[in-house]
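A short worksheet on the structure shown next.
The values are calculated or read from the model by the stated rules, or taken from the named source; none is laboratory data. Nothing here was measured: the structure is a model prediction, and the numbers come from that model. A quick note on method: Cβ atoms are made from the backbone with ideal geometry, for glycine too, and the neighbour counts reach across all protein chains shown. The protein model used for the area step is the full one, side chains on, heavy atoms only, and it has no ligands, DNA or RNA in it. Shrake-Rupley method; radii C 1.70, N 1.55, O 1.52, S 1.80 Å.
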Amino acid sequence: IVNYISSFQDGRLTFYPGSQVVKLPFINFMKAHGTSFLNAYTNSPICCPSRAAMWSGLFTHLTESWNNFKGLDPNYTTWMDIMEKHGYQTQKFGKLDYTSGHHSISNRVEAWTRDVPFLLRQEGRPMVNLIPNKTKIRVMEGDWKTTDTAVNWLRKAAVNHTQPFVLYLGLNLPHPYPSPSSGENFGSSTFHTSLYWLKKVSYDAIKIPKWSPLSEMHPIDYYSSYTKNCTGKFTEREIKNIRAFYYAMCAETDAMLGEIILALRQLNLLEKTIVIYTSDHGELAMEHRQFYKMSMYEASAHVPLLIMGPGIEANLQVSDVVSLVDIYPTMLDIAGIPLPQNLSGYSLLPLSSEMFENEHKFKSLHPPWILSEFHGCNVNASTYMLRTNQWKYIAYSDGASVSPQLFDISSDPDELINIATKFPEITYSLDQKLRSIINYPKVSASVHQYNKEQFIKWKQSIGQNYSNVIANLRWHQDWLKEPRKYESAIDQWLKTHTPPKNISTKIRK
């Protein structure tokens, strides 16, 4: 089994019409020879919490992986640990990001202080950077090196036929790069590629996204757009370039997938190996006046998910809603290992495989909904998405202080028309369904409490350096204009009443 995970890949690029924008030959190969899930979602649109869900098979509020600094306990038993106990030769390379502590102080402090009522730009304005070389293939050298290491491992594993193997390969691409022009602390926002990859993009097919006027944006979207430094003016050419460069980075990612597929073919393992391709989340690439992720809009929350290999149906497209917590039970199911009872996810084999259909007749099939939640930086309220086959319902905070959003993706694929107030009965019933899965007002209160406790601990740990350190995080350009004002806003926030900590969260299937 090969589990291949990119970062920031928009799932809509794996099917029409998104697939017309950029040439992705190896994703197309997987589509033709395997099963594509057309409605696959992240369980949290940010690296660490998303990967924590993928490795644990549990929703974010159950792992309490709240932000990019707080992931799974390093000793957590993952699906790979279980497979190793059952005789699999296991290996993981590249970006893992499912335990704690891999991100900057800025990233943490921004997440902890998101409830403070101030507006500060936390990111550099998105920009593009082109290597004019027409033959420069290896732009993201670190990912190529990881891919080479994985291919070499496969060559060695192929020699040992006595033991089945599971290989996990995690890439950074198509993640935007740090912006050198604005200093290390001022955000990662450069879409960077070479002319070689840009030639794989069809400029004419690039859609310029429609934006709501700033005054009409949902308040949470406005906060996200502002903190990501996207509320200023952007020309159409600028937006088109950002999108083109992002797609070119996706093409480079596809080529790395190709290295794995070609190696499996050369080693006569392709017919015997199940390959799973997905991503931790997508990339907004200037949809909804934002870049990056941290949003429940399709560009950020919709991920690619393709499975290919023995027993998996070829050229099958599955429209059922599924999510990354389903990876854990799927991996164990492929290996024939009994599934633990407490998982949030469901095996995808009944949806993708003829071979397993009879065995699964009496097993519970995937419910007709998925849950995604977000508690990190750039969004000033905990966010919860319930996605069903027809609706996308997004609730915030305690469900009362911020108005919800409801979209019908089939009639409004750009998600520009919030119909929550137009259809109150549907909004109410989806909210009740969401509350039956997760007591989200209590989870929000719990995160609020956690953020304060963590911030206080951090503040105490830096002592007299506090004023200097906090002023010079990624928001330094705004902060330094009125440092006392922002410090006192934090002091006020810390003084406000917080609810008791012992909150239990229940999950019902």
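Within this structure, GLN122 fails the test of being surrounded by 17 or more Cβ atoms within 10 Å (Cβ to Cβ), farther than 30 Å from ASN229 by Cβ and touching a helix residue (DSSP H, G or I) at 6+ places or on another chain (Cβ under 6 Å). Taken over the range 441-480, the criterion of being assigned to a helix (DSSP H, G or I) and charged (D, E, K, R) is satisfied by LYS442, LYS452, GLU453, LYS457, LYS459, ASP478. Scan the range 136-159 for residues that are of a type in the set (Val, Ile, Thr) and surrounded by fewer than 16 Cβ atoms within 10 Å (Cβ to Cβ) and jot them down. Scanning the range 136-159 gives ILE137, THR149, VAL159.
Among the residues of the range 446-493, those that are within 20 Å of ARG121 (Cα to Cα), among the small types (Gly, Ala, Ser) and open to solvent by 40 Å² or more (accessible area, probe 1.4 Å) comprise SER467, SER488. If the condition is being of a type in the set (S, T, N, Q) and either assigned to a loop (DSSP other than H, G, I, E, B) or open to solvent by 10 Å² or more (accessible area, probe 1.4 Å) (or both), then the range 296-325 contributes ASN315, GLN317, SER319.
Listed by first and then second residue, the pairs linking a residue in the range 434-463 that is on the phi > 0 side of the Ramachandran plot and modelled with pLDDT of 95 or more to a residue that is assigned to a helix (DSSP H, G or I) and crowded, with 17+ Cβ neighbours inside 10 Å, with Cβ atoms under 9 Å apart and 6 or more places separating them unless they lie on different chains, form an empty list. For the criterion of being farther than 30 Å from GLN449 by Cα and in contact with a Gly (Cβ under 7 Å, 6 or more places away or on another chain), GLY170 passes. Within the range 378-398, one or more residues are at pLDDT 95 or above and more than 21 Å from the chain's Cα centre (by Cα).
For the range 30-39, which residues satisfy the criterion of being under 16 Å from THR278 (Cβ atoms) and of a type outside the set (Ser, Thr, Tyr)? Result: MET30, LYS31, GLY34, PHE37, LEU38, ASN39. When each of GLU287, GLU259 is tested for being open to solvent by 10 Å² or more (accessible area, probe 1.4 Å) and closer than 25 Å to ILE137 by Cβ, the lone residue that passes is GLU259. In the range 405-426, of all residues being in contact with an Asp or Glu (Cβ under 7 Å, 6 or more places away or on another chain) and free of Cβ contacts under 8 Å to residues at least 60 places away in the same chain, the one that is surrounded by the fewest Cβ atoms within 10 Å (Cβ to Cβ) corresponds to ILE419.
The listed residues are GLU354, GLU313, GLU298, and the only one of them that is acidic (Asp, Glu) and modelled with pLDDT under 95 turns out to be GLU354. Condition test on ALA381, is it open to solvent by less than 10 Å² (accessible area, probe 1.4 Å) and in a loop (DSSP other than H, G, I, E, B)? Taking the combined requirement at face value, the residue satisfies it. In a residue-by-residue description of the range 48-60, the property of being within 19 Å of ALA381 (Cα to Cα), open to solvent by less than 50 Å² (accessible area, probe 1.4 Å) and part of a loop (DSSP other than H, G, I, E, B) applies to at least one position. If the condition is being within 26 Å of HIS448 (Cβ to Cβ), buried (at least 17 other Cβ atoms within 10 Å of the Cβ) and of a type outside the set (A, V, I, L, M), then the range 389-404 contributes LYS392, TYR393, TYR396, SER397, PRO404. Out of curiosity, is LEU96 among the hydrophobic types (A, V, I, L, M, F, W, C), in a loop (DSSP other than H, G, I, E, B), open to solvent by 20 Å² or more (accessible area, probe 1.4 Å) and closer than 30 Å to GLN449 by Cα? Yes, satisfied. For residues in the range 427-443 being open to solvent by less than 10 Å² (accessible area, probe 1.4 Å) and of a type in the set (A, V, I, L, M, F, W, C), which is nearest to ARG387 (Cα to Cα)? The extreme case among them is LEU434.
Take the residues in the range 61-72 that are open to solvent by less than 10 Å² (accessible area, probe 1.4 Å) and not hydrophobic (A, V, I, L, M, F, W, C), then tell me which one is nearest to GLN163 (Cα to Cα). So, considering only residues that are open to solvent by less than 10 Å² (accessible area, probe 1.4 Å) and not hydrophobic (A, V, I, L, M, F, W, C), the one nearest to GLN163 (Cα to Cα) is GLY71. Candidates LYS293, LYS240, LYS272: the one that is touching a residue at least 24 places away in the same chain (Cβ under 8 Å), crowded, with 24+ Cβ neighbours inside 10 Å and of a type in the set (Lys, Arg) is LYS293.
Test ASN75 against the criterion of being out of contact with any Leu (no Cβ under 8 Å at 6 or more places or on another chain), at pLDDT below 90, buried (at least 23 other Cβ atoms within 10 Å of the Cβ) and not hydroxyl-bearing (Ser, Thr, Tyr), and give yes or no. Judged against the criteria, ASN75 is not a match. Annotation note: Cβ proximity below 6 Å between a residue of the range 1-13 that is under 17 Å from ILE206 (Cβ atoms) and a residue that is polar (S, T, N, Q) and buried (at least 24 other Cβ atoms within 10 Å of the Cβ) (sequence gap 6+ or interchain) occurs for GLN9/SER279.
Filtering the range 24-47 down to residues that are polar (S, T, N, Q) and under 20 Å from MET249 (Cβ atoms), which residue is surrounded by the fewest Cβ atoms within 10 Å (Cβ to Cβ)? Looking at the filtered set, the residue picked out is ASN28.
Just to be sure before I move on: is GLU238 within 30 Å of TRP153 (Cα to Cα), at pLDDT 95 or above and among the charged types (D, E, K, R) in the structure I sent? Spelling it out, it is not the case that GLU238 is within 30 Å of TRP153 (Cα to Cα), at pLDDT 95 or above and among the charged types (D, E, K, R). Scan the range 116-123 and give yes if some residue there is over 30 Å from LEU267 (Cβ atoms), more than 20 Å from the chain's Cα centre (by Cα) and among the charged types (D, E, K, R), otherwise no. Yes: the range 116-123 contains one or more residues that are over 30 Å from LEU267 (Cβ atoms), more than 20 Å from the chain's Cα centre (by Cα) and among the charged types (D, E, K, R).
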